[in-house]
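Beneath this line is the structure, given in structure tokens, with notes to follow.
The values are calculated or read from the model by the stated rules, or taken from the named source; none is laboratory data. Since we're looking at a predicted model, the values are computed, not measured. Every residue, glycine among them, receives a Cβ derived from its backbone with ideal geometry; neighbour counts consider all protein chains shown.
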Amino acid sequence: MGIWQPDPGETALTRTYVEFATGRATPVSGMRWFRDTERKDIQDELPGWPEGPLYTAHSAGGAAGRNVAKVGLKTLYVAVWGALTSQGGSVGPGSRARPVEDRADEVEDFPVVWAAPGTIARTLPWQLDPGRRDGKRYRTHAVVTDRRLLVVGLPYDKKHDELVDDEVLWEVERSRIGRVELRDFKYASDVKVVFSDGSWCRLWTINRDALARYLVYPLDLLGPESLTPELRNAVDRHIARAEAPDPVRPVVSRRACGHYLIDSPAPRPLSGFFGASTFAESVNSDGSELQPGELHPEDL
């Protein structure tokens, strides 16, 4: 079918590579599970899913045994980290690591689907699972529009990244998404999509900011007729900066903090590996550029 296109009157907002997340804490490292609300494994109950790998979480004792050789280095690291942070210093590359937010679902277990019988999360496509498809030859992208969230799948050839032939694997109306949470353990790259029926999934995305900016916060798109002269000038300035060969009118949204996000496709073509790239910037209500310290989480 070629590149997926929105319906007439529908606005495509973002597109990025996505898959089920993977555990990072030592007991669940490299693993994921599909659970019902009693923590029973349901992957054999999911319709149309091929057989996948079976995982067993590492016991605390086993994890300790594997880490004996690392104790000395970790002790040294903790000492240095403590000295730096006690003085307000930077801790270098390791400072990106985030603490555990939910021990039951991030350390003791790592469910990426949590779903009672008949709920939305049970309809998710198996192609999102890195343990069931060949990521070197097949990719899955999340597409967000003003009406729905979709998952499309496409064959992938590293030598021909520009070739995209989409198949719609799954979709859900935005009204059936209860909320989307940023899950920061360990490297701030996962999102938890909670559906209106209480089921949820945990996804890893290659560009979380692009995916989250239109799902985490209320969607408030503005048409050209709703823009003040100052915002229209800001949009024109944005188009000139984007330097796209075939510029299109950017999407403008009002953020909860009172700022405005201007977002348009970047000049790079759609990538089978990454998805779509965009050029986004936030401005004040008068169209002026934000100064250092003025950015809010909603702007990202």
Condition check: buried (at least 22 other Cβ atoms within 10 Å of the Cβ) and within 18 Å of the chain's Cα centre (by Cα). Does ARG32 satisfy that? yes
Kindly indicate whether ASP129 is buried (at least 18 other Cβ atoms within 10 Å of the Cβ), more than 30 Å from ALA12 (Cβ to Cβ) and either in contact with a strand residue (DSSP E or B) (Cβ under 7 Å, 6 or more places away or on another chain) or at pLDDT 50 or above (or both). no
Single match in ARG254, ARG249 (criterion: more than 22 Å from the chain's Cα centre (by Cα) and not β-branched (Val, Ile, Thr)): ARG249
Only one of (1) of a type outside the set (S, T, N, Q); (2) surrounded by 19 or more Cβ atoms within 10 Å (Cβ to Cβ); (3) over 24 Å from PHE273 (Cβ atoms) is not met by LEU227, so which one is it? (2)
Here is a list of conditions, (1) in contact (Cβ under 8 Å) with a residue 60 or more places away in the chain; (2) within 17 Å of TYR217 (Cβ to Cβ), and SER271 meets all of them except one; can you say which number that is? (2)
What are the residues in the range 249-269 that are of a type in the set (Lys, Arg), in contact with a Phe, Trp or Tyr (Cβ under 8 Å, 6 or more places away or on another chain) and within 15 Å of PRO224 (Cβ to Cβ), if any? ARG254
May I ask you to say which residue of THR145, THR119, THR123 is more than 14 Å from the chain's Cα centre (by Cα), over 28 Å from SER29 (Cα atoms), of a type in the set (Ser, Thr, Tyr) and surrounded by 14 or more Cβ atoms within 10 Å (Cβ to Cβ)? THR145
Does THR205 qualify as being polar (S, T, N, Q) and under 21 Å from ASP220 (Cβ atoms)? no
Which pairs have Cβ atoms under 6 Å, sit 6 or more apart or on different chains, and link a residue in the range 28-43 that is farther than 16 Å from LEU203 by Cα to one that is in a strand (DSSP E or B) and of a type in the set (Phe, Trp, Tyr)? ILE42/PHE34; GLN43/PHE34
Consider THR22 carefully, then state whether it is buried (at least 17 other Cβ atoms within 10 Å of the Cβ), at pLDDT 95 or above, under 30 Å from ASP220 (Cβ atoms) and within 25 Å of the chain's Cα centre (by Cα). no
Has the range 164-183 got any residue that is assigned to a strand (DSSP E or B), buried (at least 20 other Cβ atoms within 10 Å of the Cβ) and among the aromatic types (Phe, Trp, Tyr)? no
Restricting the search to the range 148-163, which residues are surrounded by fewer than 18 Cβ atoms within 10 Å (Cβ to Cβ) and either assigned to a loop (DSSP other than H, G, I, E, B) or among the polar types (S, T, N, Q) (or both)? ASP157, ASP161, GLU162, LEU163
In the range 189-222, what count of residues is obtained for those that are part of a loop (DSSP other than H, G, I, E, B), closer than 17 Å to GLU19 by Cα and out of contact with any strand residue (DSSP E or B) (no Cβ under 7 Å at 6 or more places or on another chain)? 0
Taking the criterion of being free of Cβ contacts under 8 Å to residues at least 24 places away in the same chain and among the charged types (D, E, K, R), would at least one residue in the range 184-193 satisfy it? yes
Inside the range 267-299, the number of residues satisfying the requirement of being part of a loop (DSSP other than H, G, I, E, B), within 19 Å of the chain's Cα centre (by Cα) and loosely packed, with under 15 Cβ neighbours inside 10 Å is 2
Please work out if LEU73 is at pLDDT below 95 and in the same structural domain as VAL107 (by TED's automatic domain parsing). no
